[in-house]
Amino acid sequence: MTLRERFLQTMHYQHPKKIPNFEFGYWAETLPRWHSEGLPKEINDEASAYGYFGIENFAYVSANLNLNPVFEYQVIREDENYLTYREGNGVISQVTKKTAHSIPHFIEFPIKNRKEWTEYKARLSDSPEGRIPDKLDELNVSLRDSGAPRTIWFGSMIGCVRDIIGFENLAYLIYDDRGLIEDMVETFCRIAEKCLPIILEKVEFDAANGWEDICYNSGPIISPKMFDEIVVPRYQRITKILRSHGIDIIFSDCDGNILPIIPSYLKGGMNCMFPLEVNGGSDPVLIREKFGREVLLLGGVDKMVLDKGPKAIEKELLRLKPVVEEGGFIPHVDHRVPANVSLEDYRTYLKLKREIFGIS
């Protein structure tokens, strides 16, 4: 049985002999630490680590559903401690060189008013030109031959807006100039509406994935009411396109506590929750109890226990076992593995995961 078949059976509650062995990557500092603990030096990125540890993965396909063209990367200031630069989305950010891979300090966002949005919007044409992958027929054959579950990127509706105006501005503008926020969300929605059908006519997919990251440990940046009014109608348009092409597993990457907006996700046509940050409030056991089999689950293994030793890891996995056995749940670490986790602890986690969930 192929990985694709095992994935589809798992997510349709059909109980394959073994569920997929997915994971969610590593901090940039994690693999270098493990090199000092015996990991071969050539295992230096996510793909090589997955191969080394026997981890399986999706076959991802992505159109460019964001800026086209992007801003040119520009170094604005640099000294021995800090680097200040303009990113491709126009945001000016600063990182300390010692922790360059952590979340940057955002200094200035490209959009603070309607005039700046009008100028920025010129880079967000919904024309498919320059946005679609080449040679779609060949891509379809390659994906089919891979044996992996195929997923198509459908972008972001509100997280991308937060990225270009900032957290505080989004919180204010949702009330002070709701029309501006609606125009931004609509712009990103139209790009997806124009581009996705072109790919879907040529390439067969099993799932679709997007990104938001709009939640913290107390819930989302905007209220569920505003989410329902502004974001959900756009998601309904996108998921209608996806489902018309046979895609019935649809998930969006959102960290933090997603419980307040799970009903909104479901209304918008998204039925799979990922990555289920337990410490942030998105416990897969609680979500299954609350929403039943209507919600599919990806992730949900608390990364905070990985450095606590074998007993703590085993306890966490056994806690999840009844939900995994029910189906519709592929467990893996609920975000990238942090650098405080030793190679020995990670090997222990993978071993126990295989034993407890029957992943051989």
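The values are calculated or read from the model by the stated rules, or taken from the named source; none is laboratory data. Keep in mind that this is a model prediction, so the values were computed, not measured. As a convention, Cβ positions derive from the backbone with ideal geometry for all residues, glycine included, and neighbour counts pool all protein chains shown.
So the values come out like this:
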read-out	value
Region 305-360, subset among the polar types (S, T, N, Q) and not in a helix (DSSP H, G or I), residue farthest from Trp27 (Cα to Cα)	Ser360
Condition check for Ser142: without any contact (Cβ under 8 Å) to a residue 24 or more places away in the chain, closer than 25 Å to Leu200 by Cα and out of contact with any strand residue (DSSP E or B) (no Cβ under 6 Å at 6 or more places or on another chain)	yes
Which listed residue, of Gly268, Gly166, Gly219, is touching a residue at least 24 places away in the same chain (Cβ under 8 Å) and within 18 Å of Leu296 (Cα to Cα)	Gly268
Residue match in region 333-344 (condition: free of Cβ contacts under 8 Å to residues at least 60 places away in the same chain, in the same structural domain as Tyr52 (by TED's automatic domain parsing) and either crowded, with 18+ Cβ neighbours inside 10 Å or of a type in the set (Val, Ile, Thr) (or both))	no
Count of residues meeting criterion [surrounded by 13 or more Cβ atoms within 10 Å (Cβ to Cβ), at pLDDT below 95 and not basic (Lys, Arg)] in region 99-146	1
Residue that is in the same structural domain as Ala171 (by TED's automatic domain parsing) and under 30 Å from Lys194 (Cβ atoms), where the choices are Val278, Val231	Val231
Options Val75, Val70, Val91; residue that is modelled with pLDDT of 95 or more, among the aliphatic types (A, V, I, L, M), over 30 Å from Lys18 (Cα atoms) and touching a Gly at 6+ places or on another chain (Cβ under 6 Å)	Val70
Count of region 265-286 residues which are part of a helix (DSSP H, G or I) and buried (at least 21 other Cβ atoms within 10 Å of the Cβ)	3
First in region 281-306 and more than 16 Å from Leu350 (Cβ to Cβ), second anywhere and of a type in the set (Gly, Ala, Ser) and part of a strand (DSSP E or B), Cβ under 6 Å, 6 or more apart	Pro284/Gly300
Unmet requirement for Glu326, which otherwise passes all of (1) buried (at least 17 other Cβ atoms within 10 Å of the Cβ); (2) within 30 Å of Asn271 (Cβ to Cβ); (3) of a type in the set (Asp, Glu)	(1)
Residues located in region 182-202, provided they are closer than 16 Å to Lys135 by Cβ and either part of a loop (DSSP other than H, G, I, E, B) or of a type in the set (Lys, Arg) (or both)	Glu201, Lys202
Candidates Asn217, Asn279 - the one that is of a type in the set (S, T, N, Q) and in contact with a Gly (Cβ under 7 Å, 6 or more places away or on another chain)	Asn217
Yes/no for Ile222 being of a type in the set (Val, Ile, Thr), farther than 26 Å from Asp176 by Cβ and out of contact with any His (no Cβ under 6 Å at 6 or more places or on another chain)	no
Yes/no for Met157 being within 22 Å of Ser125 (Cβ to Cβ), within 21 Å of the chain's Cα centre (by Cα), part of a loop (DSSP other than H, G, I, E, B) and touching a residue at least 40 places away in the same chain (Cβ under 8 Å)	yes
Matching strands (runs of 3 or more DSSP E) fully within region 1-98 where at least 2 residues are exposed (fewer than 14 other Cβ atoms within 10 Å of the Cβ) and not aliphatic (A, V, I, L, M)	74-78
Qualifying residue in region 236-248 (condition: in a loop (DSSP other than H, G, I, E, B), touching a strand residue (DSSP E or B) at 6+ places or on another chain (Cβ under 6 Å) and either touching a residue at least 40 places away in the same chain (Cβ under 8 Å) or not basic (Lys, Arg) (or both))	yes
Single unsatisfied condition, Ser282 versus (1) within 20 Å of Ile55 (Cβ to Cβ); (2) within 17 Å of the chain's Cα centre (by Cα)	(1)
